[in-house]
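Single-structure report; data block below.
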Amino acid sequence: MIKKYFAAALAALAFVACAPEYDTDKLPVEIEYPEMEGKGFLISDDQPTVHTYEYSVTSEGVNITATVSKSHGDWAVGYFVLQSKAIAVALGNVAFSDIDTFYPIEQDGSKSGNWNSGYLGQWVDAKGNGKGHNWSSGHVYWFYEQYATYEIGVKDAFAIGINGSNAVVGETITSKNILKGVPFNVTIKVID
């Protein structure tokens, strides 16, 4: 009986010794899922600011809320990364540059026309309307730099800012938009 166990142990040892070595580079790769929600501080000049943001991406829409301190910034306040992969997971592939797929709307629900921030984004007045507004008359703005080719140079940078001459402490402004038939809302609160 001992010979039988000894022979089995030797066979197992020989089998292991002859087994091929595995290259760990070829093991299955874990899929990284994009962040569907998050919060933190807007970034400016590679540093966190005092301005905060929160976002969620679902199949029912995208909601972004930021709190901006008027006394700590003007114009380009900061950005965070909103992964376009998260939007693709929630809504499928999106042609962001197609104005019939992603477009701004006025507070009454009518289509606003084209983006007015120079890219995908809006300058809006105190009521959240973008039509007829730009940097000189808008209170707050946002833009989405899906490709690293605009002002910030960071892929998927979502920038938020204010015009300190027009923005008023205490106002909360929502820029309403439609992305593939669902709401894409950006709400900016102005604090001291």
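Quick grid of which residues meet (1) open to solvent by less than 50 Å² (accessible area, probe 1.4 Å); (2) more than 17 Å from residue 140 (Cα to Cα); (3) within 16 Å of the chain's Cα centre (by Cα):
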| position | (1), (2), (3) |
| --- | --- |
| 34 | yes, yes, yes |
| 60 | no, yes, yes |
| 75 | no, no, no |
| 78 | yes, no, yes |
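Give the stretch 152-166 a look and list any residue that's surrounded by fewer than 21 Cβ atoms within 10 Å (Cβ to Cβ) and not basic (Lys, Arg), or say none.
152, 153, 154, 156, 163, 164, 165, 166
Selection within the stretch 123-143: residues that are polar (S, T, N, Q) and open to solvent by less than 50 Å² (accessible area, probe 1.4 Å). The member of this set that is nearest to residue 65 (Cα to Cα) is 129. For the stretch 42-73, give me each residue that is at pLDDT 95 or above and acidic (Asp, Glu). Across the stretch 42-73, the qualifying residues are 54, 60. Given the structure, is residue 149 surrounded by 14 or more Cβ atoms within 10 Å (Cβ to Cβ) and hydroxyl-bearing (Ser, Thr, Tyr)? The answer is no for residue 149.
Filter the stretch 53-93 down to the residues that are assigned to a strand (DSSP E or B), of a type outside the set (A, V, I, L, M, F, W, C) and either under 21 Å from residue 189 (Cβ atoms) or in contact (Cβ under 8 Å) with a residue 60 or more places away in the chain (or both) and list them by number.
53, 54, 55, 56, 61, 63, 65, 67, 69, 78, 79
Looking at this structure, is residue 107 among the polar types (S, T, N, Q), open to solvent by 60 Å² or more (accessible area, probe 1.4 Å) and under 16 Å from the mean Cα position of the chain (by Cα)? Against the criterion (among the polar types (S, T, N, Q), open to solvent by 60 Å² or more (accessible area, probe 1.4 Å) and under 16 Å from the mean Cα position of the chain (by Cα)), residue 107 does not qualify. Just one of the listed residues (120, 179, 82, 91) is open to solvent by less than 10 Å² (accessible area, probe 1.4 Å) and over 18 Å from residue 41 (Cα atoms), namely 179.
The values are calculated or read from the model by the stated rules, or taken from the named source; none is laboratory data. Since this is a predicted model, take the numbers as computed values, not measurements. Backbone-built Cβ (ideal geometry, glycine too); neighbour counts: all protein chains shown. Ligands, DNA and RNA are stripped out before the accessible areas are found, and what is left, the full protein with its side chains, is counted by its heavy atoms. Shrake-Rupley method; radii C 1.70, N 1.55, O 1.52, S 1.80 Å.
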